[in-house]
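Reviewing the structure listed below.
The values are calculated or read from the model by the stated rules, or taken from the named source; none is laboratory data. Note that the structure is a prediction, hence the values are computed from the model and not measured. FYI the Cβ positions are ideal-geometry reconstructions off the backbone, even for glycines, and counts take in every protein chain you see. Keep in mind that these areas ignore ligands, DNA and RNA; they rest on the heavy atoms of the full protein, side chains included. Shrake-Rupley method; radii C 1.70, N 1.55, O 1.52, S 1.80 Å.
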Amino acid sequence: DGPGPPPGQAPGALVRGTYDADLEALHEVVFRWLVHIATDASDHSSQSKRALLAGLPRLAPFLGPERSFHLLPMLLAFLNDRDWELRAALCRALPTVCASSGRAATERFVVPLIETALADACD
């Protein structure tokens, strides 16, 4: 029988504390990679951005509402991209992002941009 937890600490609290810290670190690393992909302005970035959008149904719940909200403006910038396939992928992914970001963010940021994009005669 090994040593017990330190005095005043519940059994398993050390493991939980490590798990929470590791999960937070993983969230941060994944979020930084997503920001890197979303803000890549190179000529061949559309494919990686479309892949990011395809993975959003799994990524948004993992990231949680706060990080999804912070990613939202970067994703909405895809509406300005020349690649119509990227813009279409964004439109397919928006329900997932909106569900994760919340109603207020959707009403305040997403809806006006989509209304503008739909009214744009050029695209």
Rounded if a/c under 1.5, otherwise prolate or oblate - segment 42-123, Cα gyration tensor axes: oblate
Estimated distance in nm for a label pair at residue 104 and residue 43, the labels positioned 7 Å out from Cα along Cα-to-Cβ: 4.4 nm
Computed accessible area, residue 28, all protein chains, 1.4 angstrom probe, square angstrom: 70 Å²
Surface accessible to a 1.4 Å probe, residue 96 within the full protein complex, Å²: 40 Å²
FRET efficiency, 1/(1 + (r/R0)^6) with R0 25 Å, evaluated for residue 26 and residue 51 via beta carbons: 0.80
Surface accessible to a 1.4 Å probe, residue 113 within the full protein complex, Å²: 70 Å²
FRET efficiency, 1/(1 + (r/R0)^6) with R0 41 Å, evaluated for residue 19 and residue 81 via beta carbons: 0.60
